[in-house]
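Take a look at the structure below.
What follows draws every value from the coordinates through simple rules; no lab data is involved. All figures in this text were calculated on a predicted structure; none of them were measured in a lab. With ideal geometry, Cβ positions are generated from the backbone for all residues, glycine too; neighbour counts draw on all protein chains shown.
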Amino acid sequence: MELRKSYFADQRKDDLHEIGQPRPRSDSPGHVTGKTAYFADRNFPGMLHLKMVRSPHHHARIRSIDISEVEKHPGVVKVLTAKDVPHNVYTILILIQIGPEDETVLADGKVRWKGEAVVAILAETERAAQEAAAKVKVDYEVLPAVFDMEEALKPGAPIVNEYHGQNYYLYDSGECRKVRLGDVEAGFAGADHVLEQAYQSSPIEHAPTETTGCIVAPEGNDRFTCYTNTQAMFFTLDNASIILQMPGNKLHFVGGTVGGGFGGKVDVIVEPIAILGAKLTGRPVSFIYSREEEMQISSPRAAEKVVIKDGVMKDGRIVARKVTGYTDAGAYSRHSPYGAQKGAGHYPGPYTIPNVWIDTYCVYTNRTPSSAMRGFGVTIGDFALEVQMDKLARLIGMDPLEFRFINAYRDGDMKAHRQPTEGAALIECMQEASRAANWPVAEKYLSMSSYTKGA
Amino acid sequence: MAIRRGRGVAAINYPTGMNLGGDPTQALVHSTPTGNFMVTLSSVDLGQGMKQIMAQICAETIGVPTDRVVVDTADTDTGPHCMGTFASRGTHRAGNAVIQAAREARQVMLEVAAEELEVNASDLETDGQGNILVKGAPQRSISIFDVALSAHFKRGRSISGRGMFLIPRSYPEKETGAMKPSTCYAHACTVAEVEVDDETGEVTVLTVKNVFEIGRALNPKLVEQQLVGGSWMGISHALYETTEPYYPNRDHGGTDFNQYLMPGPGDLAETEIIVLERPSADGPYGAKGPGEMCANPQIPAVANAVFDAVGVRIDTLPITPERILRALKAQAGAPN
């Protein structure tokens, strides 16, 4: 890695003692010698292991659940179903007033994705819990499922989630989050070329080294300590407090050393049910995802579809951009309504375009609920935008890097969401990339600056 | 049939934080009797080095070496509220809270030193080595060790401070979408060079040259580990990863690292990282959040490089050999 101090030197003082110094991490000796304690390194006498019985169907009504054989299985201590969870229907963003509550801790009458938690088994050993799980008898009536976002949005599609009533999240702005600037149709009409293209991604896994999990210990004073690898301590505590209808002062969360998160540990999934198990049995409880659960049960990054329509002039100026983004939330909201909205705030990318129209939809389908991941709401949009930029440049016969200089945002430019640009540095990054990659561009682009409209 | 070479470019920006939900983080700082400093938080270190960075920020602000600062974090019985570690917000939000807390603690520390040295607190400065000096007369000084002892056992002062950083929530306007979704933006430009085997559809990423503008590299070594890891993750996202290979079909999802594909050590591209620093107006010592954006530009850069190499557009992620071969066949006019 090289620091190129010549850029923006006038905006920076390099006279600090500790900041800017490559100090060694105080935690690396522990990490590399295996001495760092992660949550799963704790082992309490009498600790129970929690395993979930999960839905084998993408969409089904639950006619009945029979746990009579399970409770007799050697080593099984407690079996939990929906009726044991005090506030079973929840949604995590209710903490910032983004509702409705739309997800069950344990399925109640219905499952909406393959892998949804139905019954929780607490046993003396992992093996006993696993064996007992096979003895749960659930009578399902399989329902039609919908997996494709376009199908889900058509009239008459099976409703994925009755708490929403339609297969998209209803924002205060309607069926999508909207951004409007200028007159995009007039922009297309006056453009030399118009190019409309669609981009698609598939869900991906965070793939942390350490899978999601927690260990809960009753403290004997009606308080419970939850050792967890969550990325957000109070966010998880406060949601657990709502789900369990327990005052927050009964809960003590300890964490802060995590073997990789990447956004996969900001859902509140393992902690509430493990705390409930500890409360109802009076014993410590461990609930740790297997690698299979981490990959297919924990939220992935959403699949997205992005349709971009651009109007561009022969001289390289983009005069209009219309983006329609679809985020596949899966069966439940989790963080997805926020991610789709974040996308609306990100488009049309780091370019100054006078006419912009953005619609972003959060769509429900019968698949594993998606949620936050590194680059949430932005990564797939950037893929689509930057491939589109390449196509536009080639369409008008211009070098792709020079084409970006022509459109790059600079200080003071008005963004589509009506904030003036501050602290821009795209131009300088491209100038340095031109040099580092030996990708020549015309001198006029190398003398541009993010500071002013100059050049 | 041949190995074909191509290169592609992508340029991006990335927002710091989550203003669309309200974005608070708090910190507490206090001194021990011997002049070491404790930072108490509830922020989570995901392995990126959050604790180390908070220690350096506190040390810089108080005016002591970093090894005199201990960070105690992520215990809800002791640490004040933090929204969480996500949205590239950890360093920016918690760092600002630590600065505010450390400034308040520093002020008490200077007041105690002023009493000991019989000068005004405003006439004092720290040397960054653990001493407090009279400006212009550095021979008149006192160690922070002695100041802390005095505060605890003689003067009855608590050398401590409270920090709170809140970005108020921005509500998007319904019709226009007017909003303030972020405070500051990091930037990047990546050039990727690939080889594509037009017989097998396999892509080899030869080099990625990444230029990242991140506000300020508070600790260049930690920045490097995050940016290199992110660059690798971007390539992996572009070419390999998915839990649903035939999305929207739900079948064939991988359940372990044998089935869920990621590049191994032999698949890593030659990676170059160049960092620019344009300090953000509201970041701790100018820092922005580089944690997420560093994994984004490689994806379109690789996609564009594949087109440059073989002349087909793969607009669906991941860009698998199967998709490339199908596109090459379609281009040649053969049935899929």
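Modelled label positions at B:D72 and A:D15, each set 7 Å beyond Cα in the direction of Cβ, lie 3.6 nm from each other. Across B:R68, B:R250, B:R93, mean-square fluctuation computed from a Gaussian network of chain B (C-alpha pairs under 10 Å connected) peaks at B:R250. Which values of log₁₀ I(q)/I(0), to two decimal places, follow from the Debye formula for region B:23-167 at q = 0.21 Å⁻¹ with a uniform point scatterer at every Cα? Treating every Cα as an identical point scatterer, log10 I(q)/I(0) equals -1.14.
In region A:347-411, Cα pairs under 8 Å separated by at least six residues give a relative contact order of 50 percent. Taking amide hydrogens as placed 1.01 Å from N in the peptide plane, the amide H of B:L124 sits under 5 Å from those of B:K135, each at least 5 positions away in sequence or on another chain.
Close amide H pairs (under 5 Å, H built 1.01 Å from N) link A:K78 with A:L122, residues at least 5 positions away or on another chain. The modelled label-to-label distance between A:S28 and A:L170, using points 7 Å beyond Cα along the C-beta direction, is 5.4 nm.
The mean number of partner chain beta-carbon atoms within 10 angstrom of a residue's beta-carbon across peptide B:15-25 is 3. Peptide B:39-45 is shielded by partner chain Cβ atoms: per residue, an average of 5 of them sit within 10 Å of its Cβ. Compared with the alpha-carbon gap, the fully stretched path from A:Q245 to A:E150 is longer by 30.4 nm at 0.36 nm per residue. Computed from the Cβ-Cβ distance with R0 of 35 Å, the FRET efficiency linking B:V119 to A:S6 stands at 0.30. Looking at chain B alone, DSSP beta bridges between its own residues are antiparallel in about 80 percent of cases.
Each 5 Å bin from zero up to the one holding the largest Cα-Cα distance in region A:132-265 carries the following percent of pairs: 2, 7, 9, 9, 10, 13, 16, 13, 8, 5, 4, 2, 2, 1, 0.
Across region A:176-184, rounded Karplus estimates of 3J(HN,Hα) from the backbone phi angles (6.51 cos²θ - 1.76 cosθ + 1.60, θ = phi - 60°) give 8, 7, 10, 10, 9, 9, x, 10, 5 Hz, Gly and Pro being marked x. Per residue of A:367-380, how many C-beta atoms from partner chains lie within 10 Å of its own C-beta, taken as a mean? Average per residue, whole number: 6.
The calculated FRET efficiency for the pair B:K135 and A:T452, based on their C-beta separation and a Förster distance of 45 Å, comes to about 0.75. In terms of surrounding Cβ atoms within a 10 Å radius of their Cβ, B:T207, B:T91, B:T316 rank from fewest to most as B:T207, B:T316, B:T91.
For the residues B:A287, B:A188, B:A113, a GNM of chain B with alpha-carbon springs under 10 Å puts the largest fluctuation on B:A113. For a 4.7 Å threshold on C-beta separation, the list of partnerless cysteines in the protein assembly as shown reads A:C176, A:C214, A:C226, A:C362, B:C58, B:C82, B:C184, B:C294. Taking amide hydrogens as placed 1.01 Å from N in the peptide plane, the amide H of A:F253 sits under 5 Å from those of A:C226, B:T76, B:D77, each at least 5 positions away in sequence or on another chain. The three principal axes of the C-alpha atoms in the protein assembly as shown carry coordinate ranges of 88, 80, 50 Å, sorted with the longest axis first. Each residue in A:V179, B:V302, A:V76, A:V258 was given a count of other beta-carbon atoms within 10 angstrom of its own, and listing them fewest first yields A:V76, A:V258, A:V179, B:V302.
Pairs of Cα atoms in chain A fall into 10 Å distance bins, from 0 up to the last occupied one, in shares of 4, 18, 24, 22, 17, 11, 5, 1 percent. Multiplying the residue separation of A:D222 and A:A186 by 0.36 nm and removing their Cα-Cα distance gives an extension gain of 6.4 nm. Using the Cα gyration tensor of region A:100-149, with a ≥ b ≥ c the square roots of its eigenvalues, what is the shape: rounded (a/c below 1.5), prolate (a/b larger than b/c) or oblate (neither)? Taking the square roots of the gyration eigenvalues as a ≥ b ≥ c, region A:100-149 is prolate. Backbone phi angles across region B:58-74, fed through the Karplus curve with coefficients 6.51, -1.76 and 1.60 (θ = phi - 60°), yield HN-Hα couplings of 5, 4, 4, 6, 6, x, 10, x, 4, 6, 9, 10, 10, 9, 10, 9, 6 Hz in residue order; Gly and Pro are listed as x.
Let's test the formula: R0 of 25 Å, r as the Cβ-Cβ distance of B:L261 and A:Y38. What FRET efficiency results, to the nearest 0.05? Once the sixth-power term is evaluated, E becomes 0.40. Distance between the pseudo-spin-label points of B:T204 and A:L195 (7 Å out from Cα toward the beta carbon): 3.0 nm.
Among the listed pairs B:K180/B:K288; A:K415/B:K174; A:K135/A:K279; A:K444/B:K209, a Cα-Cα separation exceeding 19 Å is found for A:K135/A:K279; A:K444/B:K209. Of B:H252, B:H81, A:H58, A:H346, the sequence from fewest to most neighbouring Cβ atoms within 10 angstrom is B:H252, B:H81, A:H58, A:H346. The HN-Hα couplings worked out from phi for region A:263-273 by the Karplus form 6.51 cos²θ - 1.76 cosθ + 1.60 (θ = phi - 60°) are x, x, 10, 10, 7, 10, 10, 7, 5, x, 5 Hz, whole numbers, x standing for Gly and Pro.
Considering only B:Q259, B:Q129, B:Q56, the mean-square fluctuation computed in a Gaussian network model of chain B, springs between alpha carbons under 10 angstrom, is largest for B:Q259.
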